[in-house]
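See structure below.
The values are calculated or read from the model by the stated rules, or taken from the named source; none is laboratory data. Predicted model, so just to flag it, every value in this text is computed and none were measured. Here the Cβ positions follow ideal geometry from the backbone for every residue, glycine too, while neighbour counts run over all protein chains shown.
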Number of protein chains: 2
Amino acid sequence: MTFDLKSYLDARRTLVDAALDRVLPSEDLVPVNLHRAMRYSVLAPGKRLRPTLVIAGAEAVGGAAESVLDTACALELIHAYSLIHDDLPAMDDDDYRRGRLTNHKVFGEAMAILAGDALLTLAFRLIANNTARLPDPRAIARVVAEVADAAGTDGMVGGQVVDIESEGKDVGTDTLEYIHRHKTAALIRVSLTAGATLAGGGAEQVATIRRAGEALGLAFQIVDDILDVEGNLAELGKTAGSDVRKKKATYPAYHGLEASKRQASMLIGETKRYLEPLGPSAEPIRALADFVLERRS
Amino acid sequence: MTFDLKSYLDARRTLVDAALDRVLPSEDLVPVNLHRAMRYSVLAPGKRLRPTLVIAGAEAVGGAAESVLDTACALELIHAYSLIHDDLPAMDDDDYRRGRLTNHKVFGEAMAILAGDALLTLAFRLIANNTARLPDPRAIARVVAEVADAAGTDGMVGGQVVDIESEGKDVGTDTLEYIHRHKTAALIRVSLTAGATLAGGGAEQVATIRRAGEALGLAFQIVDDILDVEGNLAELGKTAGSDVRKKKATYPAYHGLEASKRQASMLIGETKRYLEPLGPSAEPIRALADFVLERRS
């Protein structure tokens with residue numbers, strides 16, 4: 001029997017989309033424009049990769065999707081906030097994302113900044129809320145700490161700063177790896193470990209999943225870089241090659257397309273090897289790893 | 001024996017300043033400019049009112065300052081992040097704050113946005129870290145939730161949105177009160193309750209402190225509005241009357257200066273009445289309430 005990834009992803013996406021709609025403040029409530037701006041970016045069609053990884057992380061240690069839904073939403077909110085702020089005129093200055101106007105083009109810069117702030121804040125609110133059906137209440141503090149580490153100066157924000165500072169410069173492969181590990185891989189990795197920790201995973205299980213998550217996160221970013229070179233507007237919703245135009249540090253720019261594809265494939269193999277001790281319960285993570293490698297957008 | 005507020009404030013400020021220096025990432029670490037930007041705004045000279053309220057909240061229920069220091073720092077970080085983002089060109093567009101250049105004037109807009117993001121993230125990291133000497137580990141999740149509520153859409157960010165949307169408009173006193181309660185009072189209130197909750201305060205004690213904190217927070221904002229009218233550049237470090245120039249909704253603009261002073265004084269009296277059941281242990285909060293009313297900057 002093979003794992004049916006499409007059914008799995010569709011079911012999880014439906015669950016996550018309903019939960020996101022529920023946890024985001026209503027457009028009927030004051031301040032209406034803030035809530036609209038938050039919902040506009042979060043509820044845009046998307047893969048919901050990070051929330052699905054939270055769920056898969058929980059399932060890998062025997063937990064249920066429903067028991068980590070709040071935290072799954074939290075990771076999507078952090079992802080959405082980072083995109084809103086990255087797109088701002090002072091940062092990447094992008095008008096479109098996946099074919100839709102960026103947040104500040106619709107709601108203005110002030111509202112986009114505040115919507116991002118509010119999403120980051122709500123994310124931690126949701127993790128703290130994730131107390132139902134929890135084997136160990138102390139897991140909440142551990143997950144808040146881990147997610148904050150992955151999203152902060154030694155994680156996503158740190159990676160974004162080095163990315164911006166490297167634009168147009170000839171940086172070394174050390175810097176490229178720093179950016180990839182911090183800007184993208186950290187949040188992918190913590191999505192998996194947050195789910196596993198909340199679902200009561202043991203220290204060794206969580207450490208195994210952390211290693212797999214790190215390899216998966218790096219693979220994800222390399223594939224992103226490849227898609228930026230190969231993709232087109234219809235598939236990615238942004239101008240292909242925008243990283244190249246901005247002289248961003250990317251994997252293909254340093255190692256070429258073919259070597260990049262080999263490296264991504266190698267990292268996905270590594271991800272799966274790390275997961276071997278977990279047996280069949282890690283099948284969703286393995287399938288997600290294939291999805292990360294094979295996706296076209 | 002009277003409570004010596006000056007010695008109390010000096011001792012707490014010294015403790016908080018040392019802790020802030022310790023919890024902020026070093027300027028020797030990558031990304032250097034991000035860490036510099038974070039430290040520039042947080043370590044600027046200040047009253048440290050919110051951290052001192054966290055400590056006073058803990059002391060009011062028999063806790064020690066040292067046991068809530070991480071969370072005390074967290075509240076100062078949230079305050080600092082909100083000022084950095086409020087000062088941005090897309091928001092209030094201020095070049096100076098308390099006589100120093102604002103964050104984006106020194107580090108640029110992109111770094112100021114990211115420094116704010118990083119401070120908000122680190123704040124939740126610190127609360128999660130506040131596990132030493134904690135009577136009940138589940139208090140962490142409660143405090144993360146309460147602080148997120150006070151800082152998010154139904155708190156500080158919501159207040160800031162309505163404040164921006166009200167500029168130059170003739171809004172009613174309902175809107176004015178919404179802005180005050182959300183933009184400022186919520187964070188003042190939660191500073192007190194976070195300290196009390198972490199230090200093991202009972203539900204009734206925390207509820208009492210919450211009511212006192214709400215009154216204190218409203219008084220604080222009214223005094224702020226009064227100082228904006230009466231203050232001068234030397235004392236406040238910003239052009240006096242800047243709220244008036246921006247046609248911000250302020251208490252004196254609606255009720256006049258004298259009525260504003262009476263209202264602030266009345267709210268401080270209310271704060272103290274709420275605190276009566278707590279007896280002598282709430283003396284630091286009472287003294288801080290007097291400080292809020294009598295401050296000149």
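Considering the range B:255-297 alone, what residues qualify as being basic (Lys, Arg) and at pLDDT 95 or above?
B:261, B:262, B:272, B:273, B:286
Can you tell me which residue in the range A:1-46 is nearest to the other protein chains (Cβ to nearest Cβ), limited to those that are assigned to a helix (DSSP H, G or I), within 28 Å of residue A:112 (Cβ to Cβ) and over 19 Å from the mean Cα position of the chain (by Cα)?
It comes out as A:34.
Out of all the residues in the range A:139-151, which are buried (at least 21 other Cβ atoms within 10 Å of the Cβ), within 7 Å of chain B (Cβ to nearest Cβ) and free of Cβ contacts under 8 Å to residues at least 60 places away in the same chain?
If the condition is that a residue be buried (at least 21 other Cβ atoms within 10 Å of the Cβ), within 7 Å of chain B (Cβ to nearest Cβ) and free of Cβ contacts under 8 Å to residues at least 60 places away in the same chain, then A:140, A:141, A:144, A:148 are the ones that fit.
I want to confirm something. Restricting to the range B:254-284 and keeping residues that are among the hydrophobic types (A, V, I, L, M, F, W, C) and without any contact (Cβ under 8 Å) to a residue 24 or more places away in the chain, which single residue is nearest to residue B:182 (Cα to Cα)?
B:266
If you go through the range B:88-139 one residue at a time, how many are part of a helix (DSSP H, G or I) and touching a strand residue (DSSP E or B) at 6+ places or on another chain (Cβ under 9 Å)?
Total meeting the criteria: 3.
Hey, can you tell me all the residues within the range A:129-176 that are among the β-branched types (Val, Ile, Thr) and closer than 22 Å to residue A:54 by Cβ?
Of everything in the range A:129-176, those that are among the β-branched types (Val, Ile, Thr) and closer than 22 Å to residue A:54 by Cβ turn out to be A:131, A:140, A:143, A:144, A:147, A:157.
When residue B:90 is evaluated against the numbered criteria (1) surrounded by fewer than 18 Cβ atoms within 10 Å (Cβ to Cβ); (2) within 23 Å of residue A:113 (Cβ to Cβ); (3) free of Cβ contacts under 8 Å to residues at least 12 places away in the same chain, which criterion, by number, is the only one it fails?
(1)
Of the residues A:174, A:136, A:95, A:154, which is more than 27 Å from residue B:161 (Cα to Cα), more than 9 Å from chain B (Cβ to nearest Cβ), without any contact (Cβ under 8 Å) to a residue 40 or more places away in the chain and surrounded by fewer than 24 Cβ atoms within 10 Å (Cβ to Cβ)?
Just one listed residue meets the conditions, A:174.
For residue B:122, indicate whether it is closer than 24 Å to residue A:127 by Cα and either of a type outside the set (S, T, N, Q) or within 9 Å of chain A (Cβ to nearest Cβ) (or both).
Yes: the conditions hold for residue B:122.
Taking the condition closer than 21 Å to residue A:183 by Cα, within 21 Å of the chain's Cα centre (by Cα), of a type outside the set (Gly, Ala, Ser) and modelled with pLDDT under 95, does residue A:227 pass?
Taking the combined requirement at face value, the residue satisfies it.
Could you pull out the residue among A:204, A:214 that is charged (D, E, K, R), crowded, with 19+ Cβ neighbours inside 10 Å and at pLDDT 95 or above?
Being charged (D, E, K, R), crowded, with 19+ Cβ neighbours inside 10 Å and at pLDDT 95 or above holds for just one of A:204, A:214, which is A:214.
Which residue is farthest from residue B:134 (Cα to Cα), if the candidates are limited to the range B:47-62 and must be modelled with pLDDT of 95 or more and not in a helix (DSSP H, G or I)?
The extreme case among them is B:48.
Spot the failing condition for residue B:167; the list is (1) at pLDDT 95 or above; (2) within 14 Å of chain A (Cβ to nearest Cβ), and only one is missed.
(1)
Of all residues in the range B:75-92, count the ones that are within 14 Å of residue B:163 (Cβ to Cβ) and more than 10 Å from every other protein chain (Cβ to nearest Cβ).
Number of matching residues: 2.
With A:16, A:42, A:23, A:54 as the choices, which residue is touching a residue at least 12 places away in the same chain (Cβ under 8 Å) and in contact with a Gly (Cβ under 6 Å, 6 or more places away or on another chain)?
So the residue among A:16, A:42, A:23, A:54 that is touching a residue at least 12 places away in the same chain (Cβ under 8 Å) and in contact with a Gly (Cβ under 6 Å, 6 or more places away or on another chain) is A:54.
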